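Worksheet: the structure to be examined is printed underneath.
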Amino acid sequence: MTYCVGLLLDAGMVLLSDTRTNAGLDNIATYRKMFLFEKPGERAIGIMTAGSLSITQTTMARLTDAIDDPESGKSILTAPTMLQVAEIVGSMLSDVTSEVAARMERMSQGATASMIVAGQRKGGPMRMFLIYPEGNFIEATADTPFLQIGEHKYGKPILDRVIEPGTGMADAEKAVLLSMDSTLRSNLSVGMPLDLAIIEADAFKIGRRRRIEPDDEGFARMSAAWSEALRNAFQQIDPI
C-alpha cells in the first residue's frame, strides 16, 4: 500500500509520498512514488503513484520515453495545458492498466493503480488532478484543495480541518507531514523514507525537494509534539 497527498493552494503546491511497497508481511521494499519534471521558467510537473507497481512503473517508463520522443505527441513537457498533461497521463495509465489486467485475468488476479498529477505551465494556472485506473480524472478545487491516493483515511481528518486555499506554505508542509505521521502510526503498509516537493505559484520550477529518512530528527520532533498536543487537547475536553 502507499499514501500520497497533494495540496493546491494560492501560494503553491505541496506534494508528499511514502516509499513502501509490500507484497506480504515478509516482502517489503522501497520504491520511489514521486516523479518530478521541469523546464525551469516554463513548467513544473509532479506525478505521484499508488497501486500495482508493475502498472505504475510501466506507465512512468512510457511517459519518460515520450518525453525523449517529441514526435510522439505524448510528451508532458510539450503539452499546451495542464489539462492535456492530465489527459496524456490518464490515457497512458488506462492503456497500461488494460494490458496488465488482461494478463492478470488469466491467473485470476487483479491489478490497478491511480496517480496524482500536479503542476503549472507558464501562461496557465496551477492545476492538480487525481487520475483513476480507467484514465478519467477529477480536479482539486477551492472547495477541495487537496487530493489523496492510497491509504488516505488516517491522514484525511487533519487536512479537512486545517487546509484551505489561503493556507500558507509553511503550515501546509506541516499539515501534510502530520497527515503522513498519522498514517504511519495506523498502517504498517505505509512507510518511510518520505519524498517531499514544493512548487511555488508562478515559479515554473520545482522549488524544493527533500527525502526524509527514518532517522530524521526534525520529523521525529514534529511527530512527538503532535502526539503530546493531542493528548493535552484530549484531557482538556469535557465529556458530554
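Please say if segment 121-163 is rounded, prolate or oblate, where rounded means a/c under 1.5 for a ≥ b ≥ c the square roots of the C-alpha gyration tensor eigenvalues, and otherwise the choice is prolate for a/b larger than b/c and oblate otherwise?
Oblate, since a/c reaches 1.5 and b/c is not below a/b.
Which listed residue (47, 201, 82) has the Cα farthest towards the positive end of the charge dipole for the chain, taking +1 on Lys and Arg C-beta and -1 on Asp and Glu C-beta about the Cα centre?
47
Can you tell me how much longer the chain between residue 203 and residue 170 gets when fully stretched, taken as 0.36 nm per residue apart minus their C-alpha distance, in nm with one decimal? Write down the numbers at each step before the final one.
Numbers: separation 33, 0.36 × 33 = 11.88 nm, distance 1.68 nm.
Full extension of this stretch gives 10.2 nm more.
Given springs between every Cα pair under 10 Å in a Gaussian network model of the chain, which of 87, 228, 134 has the largest fluctuation?
228
Residue 181: net charge of surrounding residues, Cβ under 12 Å, Lys/Arg +1, Asp/Glu -1, itself excluded? Working shown, then result.
Working: positive: 174, 185, 221; negative: 18, 216.
Cβ neighbours under 12 Å give a net charge of +1.
Give me the net charge for the shell around residue 33: Cβ to Cβ below 13 angstrom, other residues only, Lys and Arg +1, Asp and Glu -1.
Working: positive: 20, 32, 211; negative: 18, 151, 195.
Neighbour charge sum, excluding residue 33 itself: 0.
Only Cα pairs under 8 Å and at least 6 apart count here; give the relative contact order of segment 3-235 as a rounded whole percent.
Values: 459 pairs, mean separation 65.0, N = 233.
Worked out over segment 3-235, it gives 28 percent.
Measure off 7 Å from each Cα along the Cα-to-Cβ vector at residue 228 and residue 211, then give the distance between these two points in nanometres to one decimal.
3.1 nm
Let's test the formula: R0 of 25 Å, r as the Cβ-Cβ distance of residue 235 and residue 153. What FRET efficiency results, to the nearest 0.05? Please list the in-between numbers first.
Numbers: r = 25 Å, r/R0 = 1.02.
Given R0 = 25 Å and the Cβ-Cβ separation, E is 0.45.
If you place +1 on the Cβ of every Lys and Arg and -1 on the Cβ of every Asp and Glu, how big does the dipole about the Cα centre of segment 3-235 come out, in debye to the nearest 20? The partial results should precede the final answer.
On the way: 24 positive and 30 negative charges, 34 e Å.
Rounded to the nearest 20 debye, it is 160 debye.
How many lysine pairs are close in segment 3-235, with Cα atoms under 30 Å apart and the two 8 or more places apart or on different chains?
Lysine pairs satisfying the spacing and distance rule in segment 3-235 number 18.
Can you tally the net charge around residue 76? Count Lys and Arg as +1, Asp and Glu as -1, for every other residue whose Cβ sits under 13 Å from the Cβ of residue 76. Let's see the in-between values first.
Values: positive: 39, 43, 62, 74, 121, 127; negative: 38, 42, 65, 68, 69, 87.
Once positives and negatives cancel, what remains is 0.
May I ask you to compute the full-extension gain from residue 220 to residue 53, defined as 0.36 nm times their residue separation minus their alpha-carbon distance, rounded to one decimal in nm?
Working: separation 167, 0.36 × 167 = 60.12 nm, distance 2.87 nm.
The residue 220-residue 53 span can extend by a further 57.3 nm.
Rounded to the nearest 10 degrees, what's the angle between the helix 169-186 long axis and the longest principal axis of the chain, both from Cα atoms, 0 to 90?
The angle comes out at about 80 degrees.
Calculate the spin-label point distance for residue 101 paired with residue 65, positioning each point 7 Å from the Cα along the beta-carbon direction, and give it in nanometres.
Label at residue 65, label at residue 101, 2.1 nm between them.
What nm distance separates the two modelled labels at residue 188 and residue 1, each placed 7 Å from Cα along Cα→Cβ?
That separation, rounded to one decimal, is 1.2 nm.
Suppose only helical runs count, i.e. DSSP H with n ≥ 4. What mean residue ellipticity at 222 nm does that imply for the chain under -39500 (n - 2.57) per run, divided by all residues and rounded to the nearest 500 deg cm²/dmol? Before the final figure, lay out the partial values.
Values: 5 runs with 84 residues, N = 240.
Computed ellipticity for the chain at 222 nm equals -11500 deg cm²/dmol.
Only the coordinates and a few stated rules stand behind these numbers; no lab work does. From a predicted model like this one, the values you see are computed outputs, not experimental measurements. FYI the Cβ positions are ideal-geometry reconstructions off the backbone, even for glycines, and counts take in every protein chain you see.
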